[in-house]
1. For the range 219-234 and the range 21-83, write down the distance between their C-alpha centroids in whole Å.
2. So what's the angle, to the nearest 10 degrees on a 0 to 90 scale, between helix 55-70 and the longest Cα principal axis of the chain?
3. With N denoting the number of residues in the range 2-112, provide Rg(C-alpha) divided by 2.2 N^0.38 Å, to two decimal places.
4. Which one, 48, 86, 187, has the greatest fluctuation when you compute a Gaussian network model over the chain with C-alpha springs under 10 angstrom?
5. Evaluate E = 1/(1 + (r/R0)^6) for residue 89 and residue 232, where r is the Cβ-Cβ distance and R0 equals 45 Å; express this FRET efficiency to the nearest 0.05.
6. Report, to the nearest 10°, how far helix 25-36 tilts away from the longest principal axis of the Cα atoms in the chain, using its own Cα long axis and a range of 0 to 90°.
7. Within the chain, what percent of beta bridges assigned by DSSP are antiparallel, to the nearest 5?
8. How large is the translational diffusion coefficient of the range 169-234 in µm² per second when you combine the Kirkwood radius over alpha carbon pairs with Stokes-Einstein at 25 °C and 0.890 mPa s?
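Just so it is clear, none of the values below were taken in a lab; they were calculated from the coordinates. The structure displayed is predicted, hence computed values, not measured ones. Cβ: placed from backbone, ideal geometry, glycine included. Neighbour counts: every protein chain shown.
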């Protein structure tokens with residue numbers, strides 16, 4: 001697979017050409033990670049030259065998004081062909097990843113970000129309860145760009161009080177996007193920095209597949225039930 005690269009202002013545009021499958025996916029993932037490493041900015045993956053995406057390719061996109069989140073920048077997917085768009089749509093990734101019809105739209109997206117935040121802020125309800133030395137947050141709704149800040153605020157406040165053992169009960173969370181994944185990552189990192197630990201619990205199958213495919217379960221602990229998560233925290 002050939003991957004073109006160019007700079008557009010503060011953004012880096014990567015243009016893979018060919019099949020994004022088990023053979024081409026590692027190169028794309030590596031390129032995204034390298035482009036994200038300098039820090040805040042935007043990486044645009046121009047998919048106009050990609051004729052096919054396999055599960056390995058989908059994973060490369062999610063791992064690329066994770067790398068961008070870790071470096072404080074954003075990944076945008078642009079110009080998907082109808083065939084590839086249908087694959088992302090069928091797996092639910094079309095709504096999870098930041099996808100745009102054109103490269104120009106992807107480059108312009110940061111200036112439009114947040115227009116719908118007011119409506120989205122009510123997209124999640126977070127209930128808090130104390131369980132021994134741990135705090136449990138029960139999430140009900142969508143963890144997306146509008147609601148993710150509410151979660152990080154809750155976790156940071158709890159950690160500031162000394163509650164560094166945190167369980168996120170996700171049994172009521174029906175949707176998570178890239179902003180939600182970032183909130184999970186940032187929250188787990190905050191707990192770790194203060195000598196604690198964050199454990200995810202009871203993810204619904206759709207959300208679990210997204211979190212797992214992106215490799216997040218390799219860096220954030222996960223248990224099937226809140227009870228198991230509390231036991232894991234000791």
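1. So the two Cα centres are separated by 30 Å.
2. The answer is roughly 60 degrees.
3. On the way: Rg = 12.3 Å, N = 111, 2.2 N^0.38 = 13.2 Å.
My calculation over the Cα atoms of the range 2-112 gives 0.94.
4. So, out of 48, 86, 187, the one fluctuating most is 86.
5. On the way: r = 35 Å, r/R0 = 0.78.
According to the calculation, E is roughly 0.80.
6. Helix 25-36 sits roughly 70 degrees off the main axis of the chain.
7. Values: 15 of 47 bridges.
Counting only bridges with both partners in the chain, antiparallel ones make up about 30 percent.
8. Working: Rh = 12.0 Å.
In µm²/s, the coefficient is 205.
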